[in-house]
Amino acid sequence: MTAVLTRRSRYLLHEPAPCDAEFAYLLGGAAAAPDHGGIRPWRWVLLRGEDREALGACLASEAEPEQRDRIARKALRAPLMAALVFCPSAGHKIPEWEQMAAASSMAYGLMLLMHSRGYGSIWRTGRLCESPGARDLLGLAPTERLLGSLDIGTPDGTEPPARRRIGNLADRISTLASRPVPAAT
């Protein structure tokens, strides 16, 4: 509960970030997320150093000239950028929406595990997800989709994680006996 209530998207991230071996270890735990059929319809592409610069240049080349520098710098916001690739199994008995839910659940589990280790992260979407150049650079197959990336690193420590308050969510819960009855027509 503590990890769930104190995890926040962290914008200011610096070294260290998890090394590849630690990322793989944490991913092993995150992969325990619900995944009907055990398909694991996802993969990660890890970008550090020059790889982030290459991605930034790729995204900048697709932007308006006045935005290019800003777009290129976005890829350098954290020491590790982990791109999440959705790899659905077409024609599988598990529908694609459920495969997407498995990939999303795994990503959230990974964010919680990183938070519990003292790392910060933020899930980024936007331009990256729609970029033809990024698809090519990251080696996506025609059937794969970018769901975004996690910027990962160590939070700067100036913004301690505020605990989320649990509000009253009773209006989001019902039973068969309490469900609204449709109006007669």
Work out the FRET efficiency for Arg165 and Thr125 from their Cβ-Cβ distance, taking R0 = 25 Å, and round it to the nearest 0.05. 0.45
Using a 10 angstrom cutoff on alpha carbons, build the Gaussian network for the chain and name the most mobile of Arg135, Arg68, Arg172. Arg172
If you roll a 1.4 Å probe over the stretch 33-114 with all protein chains in place, what percent of the accessible area is carbon or sulfur? 53 percent
Net charge of neighbours whose Cβ lies under 12 Å from the Cβ of His115, counting Lys and Arg as +1 and Asp and Glu as -1: +4
Counting pairs of alpha carbon atoms under 8 Å apart in space and at least six apart in sequence, what relative contact order in percent does the stretch 64-185 give? 34 percent
Going by alpha carbons, how many degrees (0 to 90, nearest 10) lie between the helix axis of 50-61 and the longest principal axis of the chain? 80 degrees
Which distance in nm do the two modelled labels at Ala63 and Leu176 give, with both placed 7 Å along the Cα-to-Cβ direction? 5.5 nm
Distance between modelled label sites at Ala21 and Thr143, nm, 7 Å Cα→Cβ extension: 3.5 nm
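The values are calculated or read from the model by the stated rules, or taken from the named source; none is laboratory data. The structure presented is a predicted model; accordingly, all values stated were derived computationally and were not measured. So basically every Cβ, Gly included, is an ideal-geometry build from the backbone, and we count neighbours across all protein chains shown. Remember, those area values only see protein heavy atoms, side chains included, never the ligands or the DNA or RNA. Shrake-Rupley method; radii C 1.70, N 1.55, O 1.52, S 1.80 Å.
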